[in-house]
Every structure is written in C-alpha cells, then in structure tokens.
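The values are calculated or read from the model by the stated rules, or taken from the named source; none is laboratory data. Keep in mind that this is a model prediction, so the values were computed, not measured. Positions of Cβ are backbone-derived with ideal geometry, glycine not excepted, and every protein chain shown enters the neighbour counts. Each accessible area value is taken on the protein alone, full model and side chains, heavy atoms only, with ligands, DNA and RNA left out. Shrake-Rupley method; radii C 1.70, N 1.55, O 1.52, S 1.80 Å.
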Amino acid sequence: MSEWGKNVKSAVSRAVVAVSVVAALGSLAACGGGSGDDAGKSAKPGASKSAGSGSDSASGSGSGADGGAGSGGSRAAAKLEKAALGAGDIKGYKVEKADEAAARPAGTVSPSVCAPLAAVLGPGTPPKADAHVGRVLSGSDASGGSGKGDVPITDVGLSAYARADATKSMEGLRTALKSKKCSTFGVGAHRFLGVHALPAPDKGDEAVSYKLAQRKGEFLMRESVTVVRRGGTLVVFEASNLYDPEGVQEDKEAARDGREGAGTPTADEDPKLAPAIVDAQLSKV
C-alpha cells in the first residue's frame, strides 16, 4: 500500500472515532408512533427470536421488564459483555473494545424529532439503558472485499433496556425516518446530512436501517446504520467510510499510469454492513 494509502487508512480510523462520539442526547422516547408499514422497519410483533434466556432485557432479571437498574444493571452489563463479539468470532476481522470514554459534542438535537437517530450512535450508555458495551471491527471484508480502502470500519454497540423503553426507541427511530425534517439535523455544531431510510434486515423482533453523513474537513464521513431489537436489547451496527475527493483523483491518476491506487471509496460507494458481522453478533445475544 502507498504511503498515501496508509495515511488514508489512519484518517479513517481517526474519523470513525470522531463520528462515533455523537452523543445520546434527549430522550429516546421523545418521538413515539410508527406502524407496521413504517419506512426502514422490519418488525414481527410477538415473534421473538431471542437466543438468550427469553427475558425482557439482557439482564435476565426484573431490570429488563419494568424494574430499575441497580444490581439488575450490573447483571445486564455482565451479560452484554459476554454477548459482545470477541477475537476470533469472525474470521478476517480484528475486534477491539470501543473507547467508551471518548469526548462527545455538546448541544441539543435540532429538530428534536431527529433525536432518536443520534441517540443510538456512538460510545457510552444511551438514555434509559441499564448497560452498554461496544466493539470496533476492522480488517478484510468477509464477503470478498479487497482489504484496502473499500472495507468499512464497523462499530457494534449493545444496550440493555427495559423492554418498553427498547420498543419506544424503535418507534422513535421510525418516526424520525418518516419525518422530512430529519433529512438533515444537527447535534450542537455537528451537522448530519443525507439521512435516508434503508431496507432493514429480517432480524430479531424488529429492525431499522438508515444512512447519514457528516463533513470532516475535506472528507465526507458516511455511515450505514442498522438497529436490531431483541427483547429489551438493542444492537446497533454502524459501518462507515470516508469519501475523499483528492484520494479518488489520485487513484484515477495511478490507474492511468498503470499503478495500484489506495482503493479510496468513490462518491457512489456507501459503506455496506457485512451480513457476517450481523449474524455473528446476533447469534450471541
């Protein structure tokens, strides 16, 4: 890989950390509603596929129904840690713990209806969650990627909620994705754009998928997000890459000269969430 390619890869890693610090601001339950035909949703009322104990949250205790956190929160944290992906769980991927202490931008979400879209992103425990763990996956694409710039970095977050709160979170996401106000939204000084619902996988009890982007200097950070609810547990997958116009031009020049470029993602190459990551993580929840 060229020195430039190495720099791009380093920039991707740094930028992923930056975009992952979008704070969980506002109440996840602020935007209720939604129906069986909501955009970006795959739902199967009453058809739980929980592979765990079958309780309402990851704790397997009262905290997953309508109880509080306390010792239930500690049990939830232990169970999530056990369920999180680890080294060797997915061939070809490096699995690292997320930086839960990463700084978050201050400010409110505007318009407020878009708050659920931001609340599920990034490290740390979201509102109303009893516990949270996060992982960052990088490396060669199990589906056949080249292992260069076209392979997105994927953040995976698991959060344990009371079942009612987890359900309201999903309702809030669907409401936000249906609102024209959320095609762009702000979190303090950070601006997100290109928000659009995506087809959601037929996983868990229900699922929502969407994409969004934000500018990072001369780069455009793009994310494809999928949120899957299983009982009282929300699993958030965030695949991200950088669109670097200068890097794309350098790749074109390299191709003309018969050289190998860095494989910089182009404007029409949104990051794709590898099904292997989704399946591997959900099999442990």
Q: Check whether at least one residue in the range 222-237 is modelled with pLDDT under 95 and among the aliphatic types (A, V, I, L, M), and report yes or no.
A: no
(Q) Can you tell me how many residues within the range 236-259 are assigned to a loop (DSSP other than H, G, I, E, B) and either touching an Asp or Glu at 6+ places or on another chain (Cβ under 9 Å) or of a type in the set (A, V, I, L, M, F, W, C) (or both)? (A) 2
Q) Could you say whether any residue in the range 110-117 is modelled with pLDDT under 80 and either hydroxyl-bearing (Ser, Thr, Tyr) or assigned to a loop (DSSP other than H, G, I, E, B) (or both)? A) no
(Q) Whether any residue in the range 223-235 is open to solvent by 20 Å² or more (accessible area, probe 1.4 Å) and among the β-branched types (Val, Ile, Thr) is what I want to check. (A) no
Q: List the number of the failed condition for Ala142; all other conditions in (1) part of a helix (DSSP H, G or I); (2) aliphatic (A, V, I, L, M); (3) at pLDDT below 90 hold.
A: (1)
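Would you mind finding the one in Gly92, Gly107, Gly88, Gly122 that is on the phi > 0 side of the Ramachandran plot and touching a Lys or Arg at 6+ places or on another chain (Cβ under 8 Å)?
Just one listed residue meets the conditions, Gly122.
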(Q) I'm checking my understanding of the structure. Among residues of the range 74-123 that are in contact with a helix residue (DSSP H, G or I) (Cβ under 6 Å, 6 or more places away or on another chain) and under 17 Å from Ala213 (Cα atoms), which one is surrounded by the most Cβ atoms within 10 Å (Cβ to Cβ)? (A) Pro116
Q) In the range 122-129, is there at least one residue being in a strand (DSSP E or B), closer than 20 Å to Glu171 by Cα and in contact (Cβ under 8 Å) with a residue 40 or more places away in the chain? A) no
Q: Taking the residues in the range 244-285 that are touching a helix residue (DSSP H, G or I) at 6+ places or on another chain (Cβ under 7 Å) and open to solvent by less than 20 Å² (accessible area, probe 1.4 Å) as candidates, determine which candidate is farthest from Lys79 (Cα to Cα).
A: Gly247
